[in-house]
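Step one of this worksheet: look at the structure below.
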Number of protein chains: 2
Amino acid sequence: MVRAKRFVIAGKFDGLPKVTDFQIVEEETPELKNRELLCETLFISVDPYMRVFGRFLKEGDTMLGEVVGRVIESRSTRYPVGATVVAGYGWRTHGVVHEDEKHSLPTAQLRTVPADYPKDLSTGLLLGVTGMPGMTAYFGLLDVCQAKAGETVFVNAAAGAVGSLVGQIGKIKGCKVIGCAGTDDKVNWLRELGFDYVFNYKTKSLDEELKTAAPEGIDCYFDNVGGDFSVSVLKSHMKAQGRVACCGSISTYNNPEAKGQHIFEAIVVKGLKLQGFSGAAYEEDWPAATTQVVKWIREGKVKYKEHVTSGFDQTPQALIGVLTGGNTGKAIVKV
Amino acid sequence: MVRAKRFVIAGKFDGLPKVTDFQIVEEETPELKNRELLCETLFISVDPYMRVFGRFLKEGDTMLGEVVGRVIESRSTRYPVGATVVAGYGWRTHGVVHEDEKHSLPTAQLRTVPADYPKDLSTGLLLGVTGMPGMTAYFGLLDVCQAKAGETVFVNAAAGAVGSLVGQIGKIKGCKVIGCAGTDDKVNWLRELGFDYVFNYKTKSLDEELKTAAPEGIDCYFDNVGGDFSVSVLKSHMKAQGRVACCGSISTYNNPEAKGQHIFEAIVVKGLKLQGFSGAAYEEDWPAATTQVVKWIREGKVKYKEHVTSGFDQTPQALIGVLTGGNTGKAIVKV
């Protein structure tokens, strides 16, 4: 039993979350029951999806999300004291988890560090390139989009945790990869990562850039943005029989009633396939995919960045940063 | 060589097509080259898709579409004089076709009546329940939607050539089938066809009806309508992991710039799959599917209606009727 802090929802989210939408509660953690463990949080993940799934929480609920923690008390033989785990107990300094706990969110279930995970790789990456965002990129591009060598891939929010890996896996698989981001610094980083064509969507015309970058059209569109941005891509730039991995819709998370041109006709006429998905759906295939991603990191074929905010109390600010484009690479909070 | 008539586009379509958007040209058919055949048109198909693909035609182009014809001259051994064929030469009283002709439209290539086709079944049905619309319903529901016994299927424009077969195949496969149409007569016909729940979307609230008909949500949505109608279905009534066969978007064909709420977030959050498709993509599998549909007709498990307009000159009016909901079942023109 320890004195712990957690963030609860202080009111209904309206538009971009504000720091005052979250409130810290302090309390003792409960006594462990059989097969439960108590973790001390090391890192908290902040991700765009939290904006939309946060909408389903009510006042007083603990804010959701994945963490990396260290087991400090245990009544579980599978997770002994000292083990590092990835858990889904939300924005807490300490969390009690049952060893069979399943999450209802797009986060994977409780797990430990893979057996073949290199000792010198930060466990914080288990919230990024070797965790849910990494697996989302991997299965979204290779399974949902079925990207093949020689095809043209376009990914937006490309300097984020998911997008940056989508582009690099695309290159490894022999695709032509186009990426965009919202600052010149991010765009420069994408160039370093080996993207074939990069642009700042805030200072350039999306239409003109895609016309230049993909005059024959896009085969695979990995979409983190949604809204008018995606309407333009679908209506004007997708090839016939193109595939769209609908991973996120950050442009409308703060305004779900937003309107734009309908896309049904474009879907029919071009024979497009759009699929919403979550990396968690592929959980059984994670071990092999994680091993592959770690191998690519070792070989220098995959690079990553972490955007680390320090201090549990700063978690709301860190999420707001993610939603306003403040991060390059994976955003996490070091507790 | 015969004196023939054809309809050409008289100007740019703007909104709902008008009779004056089409013009009859009279001319001699050209002399046949090797492997060509000359057909006399018996039936012309008029379908909603013509509104959208017609947009790609320019002034003076022959209006597109499939016909049933009888070969009256032939330099093809595959298609001798007297044979009945389905061809894609558009709105013509007579057409010259090369025996290898492929269409670029969502119509299948030149073909004859299947060998096992019952003598007493009208060849006009080869433009309907045993042709492209039938195959569109069959593969859209069973392959694109992957409809399974016990699932809930919703189809709109359900009294049309495609929708009415979607509902009946759904019932044959053990699904719960919901259908809607725009007149009470059509709705009554759907009830006769065995749909589980039917409603007139013009006089009832789509939201209320679907809440009642599918309180647990819809697994498979066969969409002929698009626009705001489909936004409502996707955002409020699809189950998680639901599948949408995007077959048509008739609500926006006359106004492709129409706006409504974005659907990207619903696709992401619910993990929906939307797929635009055309029955023509399944052409290799048509013979087996046609045999199956004919068998169902013989067993009384599939019923159909034809909406026949008489006279070649009336073809534009027949298409306008289809686009304004004037037909129950398959609309064709008897030349």
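The values are calculated or read from the model by the stated rules, or taken from the named source; none is laboratory data. Note that the structure is a prediction, hence the values are computed from the model and not measured. Note that we place each Cβ from the backbone using ideal geometry, even for glycine, and neighbour counts take in every protein chain shown.
Remarks
- Checking B:N255 against (1) surrounded by 21 or more Cβ atoms within 10 Å (Cβ to Cβ); (2) part of a loop (DSSP other than H, G, I, E, B), the condition it does not meet: (1)
- Of everything in segment B:193-221 that is under 21 Å from the mean Cα position of the chain (by Cα) and within 13 Å of B:E151 (Cα to Cα), the residue that is surrounded by the fewest Cβ atoms within 10 Å (Cβ to Cβ) is B:Y221.
- Unmet criterion (only one of (1) within 14 Å of another protein chain (Cβ to nearest Cβ); (2) under 15 Å from B:G329 (Cβ atoms); (3) of a type in the set (D, E)) for B:D185: (1)
- Matching entry among B:A157, B:A115, B:A147 (being under 11 Å from the mean Cα position of the chain (by Cα) and either in a loop (DSSP other than H, G, I, E, B) or hydrophobic (A, V, I, L, M, F, W, C) (or both)): B:A157
- One residue alone among A:A240, A:A245 is out of contact with any Cys (no Cβ under 8 Å at 6 or more places or on another chain), part of a strand (DSSP E or B) and within 14 Å of chain B (Cβ to nearest Cβ), and that residue is A:A240.
- If you go through segment A:249-264 and keep only what is facing another protein chain (nearest Cβ under 9 Å) and at pLDDT below 95, you end up with A:S249, A:S251, A:T252, A:Y253, A:P256, A:E257, A:A258.
- Residue satisfying all of: in segment B:31-49; of a type in the set (D, E, K, R) and in a strand (DSSP E or B); nearest to the chain's Cα centre (by Cα) among these: B:E40
- Residues that are assigned to a strand (DSSP E or B) and buried (at least 23 other Cβ atoms within 10 Å of the Cβ) are absent from segment A:123-137 altogether.
- Given (1) within 14 Å of chain B (Cβ to nearest Cβ); (2) crowded, with 21+ Cβ neighbours inside 10 Å; (3) assigned to a helix (DSSP H, G or I); (4) of a type in the set (A, V, I, L, M), index of the condition A:L190 fails: (1)
- Residue-level check: of (1) on the phi < 0 side of the Ramachandran plot; (2) crowded, with 19+ Cβ neighbours inside 10 Å; (3) assigned by TED's automatic domain parsing to the domain that holds A:Y49; (4) of a type outside the set (A, V, I, L, M, F, W, C), A:Q317 misses just (2).
- Residue that is at pLDDT below 95, surrounded by 12 or more Cβ atoms within 10 Å (Cβ to Cβ) and not aliphatic (A, V, I, L, M), where the choices are A:K12, A:K18: A:K18
- Within segment B:71-88, one or more residues are under 23 Å from B:L323 (Cβ atoms) and in a loop (DSSP other than H, G, I, E, B).
- Test: A:Y304 is assigned to a loop (DSSP other than H, G, I, E, B) and in contact (Cβ under 8 Å) with a residue 60 or more places away in the chain: yes
- Looking only at segment A:271-288, and only at residues there that are in a helix (DSSP H, G or I) and surrounded by 18 or more Cβ atoms within 10 Å (Cβ to Cβ), the one that is farthest from the other protein chains (Cβ to nearest Cβ): A:W286
- For segment A:210-237, the tally of residues that are away from every other protein chain (no Cβ under 11 Å), among the polar types (S, T, N, Q) and in contact with a helix residue (DSSP H, G or I) (Cβ under 7 Å, 6 or more places away or on another chain) stands at 2.
- Total residues in segment B:60-88, condition within 27 Å of B:I9 (Cβ to Cβ) and small (G, A, S): 5
- Every test in (1) modelled with pLDDT of 95 or more; (2) closer than 21 Å to B:F139 by Cα is passed by B:A280 save one, and that test is (1).
- From A:Q317, A:Q292, residue being polar (S, T, N, Q) and in contact with a strand residue (DSSP E or B) (Cβ under 8 Å, 6 or more places away or on another chain): A:Q317
- Reported count of residues in segment B:1-30, each being part of a strand (DSSP E or B) and free of Cβ contacts under 8 Å to residues at least 12 places away in the same chain, is 0.
- All of (1) in a helix (DSSP H, G or I); (2) surrounded by 22 or more Cβ atoms within 10 Å (Cβ to Cβ) hold for B:N327 with one exception: (1).
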